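**Student:** One structure, as structure tokens, below. Some questions next.
The values are calculated or read from the model by the stated rules, or taken from the named source; none is laboratory data. Keep in mind it's a predicted model, so treat the numbers as computed, not measured. Note that we place each Cβ from the backbone using ideal geometry, even for glycine, and neighbour counts take in every protein chain shown. The protein model used for the area step is the full one, side chains on, heavy atoms only, and it has no ligands, DNA or RNA in it. Shrake-Rupley method; radii C 1.70, N 1.55, O 1.52, S 1.80 Å.
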Amino acid sequence: MKKRIVFFEAVGGTDKGEDGHRRDTMPMVNALSTHGWTGEVIQLSDEILRDENESKKIYEFVRDNADGYVSRVNPGNIKEEKLYFEMLRKLCDDGLVGMPHPDAMIGYGAKDALTKLADTELVPDDTYAYYDIATFKSTFPKSLAKGERVLKQNRGSTGEGIWRVRLENAGDYGKFDSLALDTKIICTEAKDNHSEERKLGEFMDFCEQYIVGDNGMLVDMTFLPRIKEGEIRILMLYKTPVYVVHKKPAEGGDAFSATLFSGAKYRYDEPKEWENLIGWFLERLPEIRTKLGNYDLPLIWTADFILDTDENGKDKYVLGEINCSCVGFTSPAEFMAKIAVMVGENIVNIVSEKKA
Ligand SMILES: Nc1ncnc2c1ncn2[C@@H]1O[C@H](COP(=O)(O)OP(=O)(O)O)[C@@H](O)[C@H]1O
Ligand SMILES: [Mg+2]
């Protein structure tokens, strides 16, 4: 073993500190050195990825010098995601430990992870993914006829293109098998909780943009009204929960978004304060792993939950989203150093196990 790990970052972007790196990257590099390992940051850009010579040099360097990589590139910060994933895939094929493998990033992180888990306790079984416009337009008027829905686009992570959709006339739920295109609906976007009056047909036309193109899709999920009580995010390091963020959406109106920009309030808790949720979630990890393609769990990832009520009137949690492409842990600041140390230990353990 070389005891050397490469951290891939994107050049620039608003997430970088004074040293030009993501603020939580160097703490991880330093944590590795306490184990006698070396961490090295390589920054990529669209220019570098497009330049065959340059990207070949980087690929060969990492292949010949590192045991594995940690991917810290926000897919929103580069256009050449395909080329980036190709490089990562080759490195994994060469025997490097991918943290994570690019297919794991897609398997865990894409919004249709929810539909792959729809036959488990984690996700309601009436959760659908649309990959083509025709299926979306024939199925969505049926699902909305039964009750309020959330439509989620696959791209971005700031609530953009995440729409809560309800009938203007709430008394109409359950009356029809499918809805007419001129049905009046109210749409609220999670980006900023703004609401718009639309007609169903026209709104579905507008949503075509989310389905076309690379990785385009829309997930259609029941609206969970207890989002008002908060979204609960578990930050995971591989198999270990590190902390829980309780995100309470702004009060009033149609507000349902847990993003900071939309006015949600965040509170950070220790895992022991969420024993029930975490115990239940950890028991489901093997199942999650199998259903999402059997890739190794990501190194740094999050799972978001929303409360629901089961047939017996008891609380139950519903999985709303997994993130694993570029999860940071800079806030709360007092946790960062401690988490970086844990990441260092995890990397050494994971790589040592895989390379043994
Ligand atoms: N099924 C749902 N019921 C109620 N609120 C939801 C539901 N799904 C998502 N939300 C709200 O919308 C926000 C954005 O959705 P999310 O799936 O997390 O997408 P993003 O990738 O933009 O973070 C969530 O933080 C949550 O507040
Ligand atoms: Mg989210």
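**Student:** Quick one: which strands (runs of 3 or more DSSP E) sit completely within the range 223-275 and have at least 3 residues that are open to solvent by 50 Å² or more (accessible area, probe 1.4 Å)?
**Tutor:** In the range 223-275, the matching strands (runs of 3 or more DSSP E) lie at 265-269.
**Student:** Restrict the check to the range 279-294 and report whether at least one residue is under 28 Å from I106 (Cα atoms), outside any helix (DSSP H, G or I), within 16 Å of ligand 2 (Cβ to nearest atom) and out of contact with any helix residue (DSSP H, G or I) (no Cβ under 6 Å at 6 or more places or on another chain).
**Tutor:** So far as the range 279-294 goes, no, none of its residues is under 28 Å from I106 (Cα atoms), outside any helix (DSSP H, G or I), within 16 Å of ligand 2 (Cβ to nearest atom) and out of contact with any helix residue (DSSP H, G or I) (no Cβ under 6 Å at 6 or more places or on another chain).
**Student:** Could I ask something else about it? Looking at R164, R155, which is the one that is within 11 Å of ligand 1 (Cβ to nearest atom), touching a residue at least 40 places away in the same chain (Cβ under 8 Å) and within 30 Å of A333 (Cβ to Cβ)?
**Tutor:** R155
**Student:** Restricting attention to the range 174-190, and to residues there that are open to solvent by 60 Å² or more (accessible area, probe 1.4 Å) and in a loop (DSSP other than H, G, I, E, B), which single residue is farthest from ligand 1 (Cβ to nearest atom)?
**Tutor:** D182
**Student:** Hey, another quick one. Do you know which of the residues in the range 24-69 that are of a type in the set (S, T, N, Q) and touching a residue at least 60 places away in the same chain (Cβ under 8 Å) is most open to solvent (accessible area, probe 1.4 Å)?
**Tutor:** Once the filter is applied, the top-ranked residue is T34.
**Student:** Might you let me know whether the range 112-129 holds any residue that is under 25 Å from K239 (Cα atoms), open to solvent by 60 Å² or more (accessible area, probe 1.4 Å) and modelled with pLDDT under 95?
**Tutor:** no
**Student:** Let me ask something else about it. State whether one or more residues within the range 301-319 are in contact with a Pro (Cβ under 7 Å, 6 or more places away or on another chain) and more than 16 Å from ligand 2 (Cβ to nearest atom).
**Tutor:** Looking through the range 301-319, none of the residues is in contact with a Pro (Cβ under 7 Å, 6 or more places away or on another chain) and more than 16 Å from ligand 2 (Cβ to nearest atom).
**Student:** Restricting attention to the range 231-252, which residues are in contact (Cβ under 8 Å) with a residue 60 or more places away in the chain and under 20 Å from E148 (Cβ atoms)?
**Tutor:** Correct list: E231 only.
This table checks each residue for (1) aliphatic (A, V, I, L, M); (2) modelled with pLDDT of 95 or more.
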site	(1), (2)
K191	no, yes
R198	no, yes
D205	no, yes
G213	no, no
M221	yes, yes
R226	no, yes
R233	no, yes
A250	yes, yes
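**Student:** Separate question: Picking from I322, I227, which residue would you name as being under 16 Å from the mean Cα position of the chain (by Cα) and within 16 Å of ligand 2 (Cβ to nearest atom)?
**Tutor:** Within the list I322, I227, the selection yields I322.
**Student:** Further question: What's the total number of residues in the range 287-308 that are open to solvent by 10 Å² or more (accessible area, probe 1.4 Å) and within 16 Å of ligand 1 (Cβ to nearest atom)?
**Tutor:** 3
**Student:** Which of the numbered conditions does N193 fail, given that it passes all the others? Conditions: (1) within 16 Å of ligand 1 (Cβ to nearest atom); (2) surrounded by fewer than 19 Cβ atoms within 10 Å (Cβ to Cβ); (3) not charged (D, E, K, R).
**Tutor:** Condition not satisfied by N193: (2).
**Student:** Yes or no: T139 near ligand 1 (Cβ under 9 Å from one of its atoms), open to solvent by 30 Å² or more (accessible area, probe 1.4 Å) and not assigned by TED's automatic domain parsing to the domain that holds L292?
**Tutor:** No, not satisfied.
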